1. Could you look through region 112-137, keep only residues that are among the aliphatic types (A, V, I, L, M) and within 25 Å of the chain's Cα centre (by Cα), and pick out the one that is farthest from LEU74 (Cα to Cα)?
2. Hey, could you check region 86-104 for residues that are in contact with a helix residue (DSSP H, G or I) (Cβ under 9 Å, 6 or more places away or on another chain) and surrounded by fewer than 21 Cβ atoms within 10 Å (Cβ to Cβ) and say which is modelled with the highest pLDDT?
3. If I go through region 203-225 residue by residue, how many of them are out of contact with any Ser or Thr (no Cβ under 6 Å at 6 or more places or on another chain) and part of a strand (DSSP E or B)?
4. Which number in (1) surrounded by 20 or more Cβ atoms within 10 Å (Cβ to Cβ); (2) at negative phi marks the one condition that HIS36 misses?
5. Could you check ASN278 against (1) out of contact with any helix residue (DSSP H, G or I) (no Cβ under 9 Å at 6 or more places or on another chain); (2) at pLDDT 90 or above; (3) on the phi < 0 side of the Ramachandran plot and say which number it fails?
6. Please go through region 378-421 and give me each residue that is more than 24 Å from ILE53 (Cα to Cα) and assigned to a strand (DSSP E or B), ordered by number.
7. For region 341-354, give me each residue that is within 22 Å of the chain's Cα centre (by Cα) and not polar (S, T, N, Q).
8. Does TYR373 qualify as being part of a strand (DSSP E or B), buried (at least 18 other Cβ atoms within 10 Å of the Cβ), within 26 Å of the chain's Cα centre (by Cα) and of a type in the set (Ser, Thr, Tyr)?
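The values are calculated or read from the model by the stated rules, or taken from the named source; none is laboratory data. Note that the coordinates shown come from a computational prediction; the quantities given were computed from them, not determined experimentally. When we count neighbours, we look across all protein chains shown, and the Cβ atoms used for this are built from the backbone with ideal geometry, even at glycine.
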Amino acid sequence: MHAEFKLKTSLLLIVFFLFAGRVWASEWGIGVSFRHGTIPYVTDKADTVRTTIPSIYYEDDYLFLRDSTWGIKLYNDEQWGVRFIGRRRFVNIPRSVQNQYQEDAFDWGFQFLLNSGEARNWRFELLTESQKRRQLYAGHDWRFNVGNLQLSSELGLRLKSSQYNSYYYGLSGYGGQNLSAGAEVQAGIDFRYPLFGGLNLIGGLEWIYLEPTAAKSRSLGSHHYGAVRLGVAYFSESTTTVLPAFQKGSYLRVSHGWATPSDMNQILRGNSESDPYNNQLTSVFYGHPLTQGWLGLPIDVFLTGGLAYHYNSSVQDPAIESVMAIKAYYNFDWPVRWRLGAAEGLSYVSRVTYIEKAEMDKKGNNASKLMNYLDLSLDVNIGDVFGHDGWKSVWLGWSMHHRSSIFKLASQFGRIKGGSNYNTLYLQWDF
C-alpha cells in the first residue's frame, strides 16, 4: 500500500469528526464478499486468484463508505456532484507472490458526477496513487431494478499515464519495459438482492479490455481480464431523521493499551502474555449512533472512527494508526448496566509496529500497513456502580485492539496470517 492511503484515511477521519452528526442519516451496512479474478500476466503459477473482502457501508449528506470506495461530498446540486474519493484497486497477480509484491493499489482524487436522467449519470474521475501513476476515467452509470433485484452498471474509458501503463502492464519496476500512455475500456455491473431481515445477496462482474499500447507488453499473456464477486451484506433501512452534532447517543472513548504477543484465543481465555519491550498505544474514538434496539434486541450500533498513537520504544519508532469501523454494543444488567461490544472495520498504520513485524519475520513474510480491524470490549457504567447520577454517562472498560489479515485469505492485507493485539483500558463518555 502507498503513502497516500495515510493522507486519505486521515482526511476522512478529520471530516468524519467534524461533520458526523450534523447530517441527515442514511443507510449503513456490513458484509463480506469473495472475489475471483483472472490474471492477465504471463505466469506458470496460476490463471486466477481469489480474495476475501470484508466491507462496511455508510452514507449521509457529507460522507459515503461504499465498500471499496470511500469519499467526501464536496458539492451537490440537481445537476452536478463533486467528490473527493479514495478507492481500493485489486491487481490480479498469483496468490503465491502477493505477499512479496503487495501491489493492490489505493487510488485517490476527485470525482465529478453529471446527472443525465433518472437513475443515470456521467462520471469523470481524476485519480492518482504514487510516482505520478495517474489516470482519468470518463464513463456512464445506470441504475435500475428488475423486481427486487437492484442493478448498477458502468461503461467507460480510462486514460492512463505512461508511468501507470509501464508499472502495471510493462512491469517496469521489476525489470520489465516502459510503455506509452493509453486508454482501456472498463465495464461492470453490480447487484443487490434482498433475502430476509435486512440480509442481502451482493455481487458483481468487472471487465477490462486493454488498448494495443498496453497489450503489446511482453509481461502480458492476455489483452483483457476481469473478476466476479459474490457475498452477503446486512443493510439497515434508510432514515431521514435529522441528527444534530454530538447528539444524544454519541460517544467519545479514550483508551490506553499494552501490546501482547498472545493471540486472540489466549487473550479471551485469560492467558495474555506481556510484551517484553512494553510497547504501548493511546487512542481516541468518536462513535456516531446508527441504530438502537437493532434486530429487536438491546443492541446499539455506531459508526466509529479513531486515531491511535503508537509510542516509540527500544524496538520501534512512533506511528499513527487510523481506524474506521462499525461497532455494536449488547446491553445487559447484572445488577448494574454492562455492555459487550464488537467492532469490524479497517486499520492503517503509518509504520508497521514491532509486535507485527516480529511475528511476520518469524514466518518469513512481509508485514502490511493495511489490515482488518476488530475490537472486542466489556464495560460497566460508573454511575451505576457508585450510585452517582452525574456519572451515568461514563463507562469504564477493557477492550482488545486487534489487527489481522484474515488467515491469508485477503490480498489487500498482504496475504498473511497474523497481526497484533493490545489489551486496553478505556473511559467512554456518552453525550
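1. Our first condition is that a residue be among the aliphatic types (A, V, I, L, M); within region 112-137, this holds for 113-114, 119, 126-127, 136.
Filter once more, so that each one left must be within 25 Å of the chain's Cα centre (by Cα): 113, 126-127, 136.
Numbers: LEU113: 12, LEU126: 15, LEU127: 16, LEU136: 19 Å.
This residue is LEU136.
2. ARG88
3. Going residue by residue through region 203-225, those that are out of contact with any Ser or Thr (no Cβ under 6 Å at 6 or more places or on another chain) are 203-212, 214-224.
If we keep only those that are part of a strand (DSSP E or B) too, we end up with 203-209, 220, 224.
Total meeting the criteria: 9.
4. The failed condition is (1).
5. (3)
6. Just the residues of region 378-421 that are more than 24 Å from ILE53 (Cα to Cα), to begin with: 378-399.
Across region 378-421, the qualifying residues are LEU378, ASP379, VAL380, ASN381, VAL394, TRP395, LEU396, GLY397, TRP398, SER399.
7. Step one: filter region 341-354 for residues within 22 Å of the chain's Cα centre (by Cα), giving 341-353.
Scanning region 341-354 gives GLY341, ALA342, ALA343, GLU344, GLY345, LEU346, TYR348, VAL349, ARG351, VAL352.
8. Values: part of a strand (DSSP E or B): yes; buried (at least 18 other Cβ atoms within 10 Å of the Cβ): yes; within 26 Å of the chain's Cα centre (by Cα): yes; of a type in the set (Ser, Thr, Tyr): yes.
For TYR373, the condition - part of a strand (DSSP E or B), buried (at least 18 other Cβ atoms within 10 Å of the Cβ), within 26 Å of the chain's Cα centre (by Cα) and of a type in the set (Ser, Thr, Tyr) - is met.
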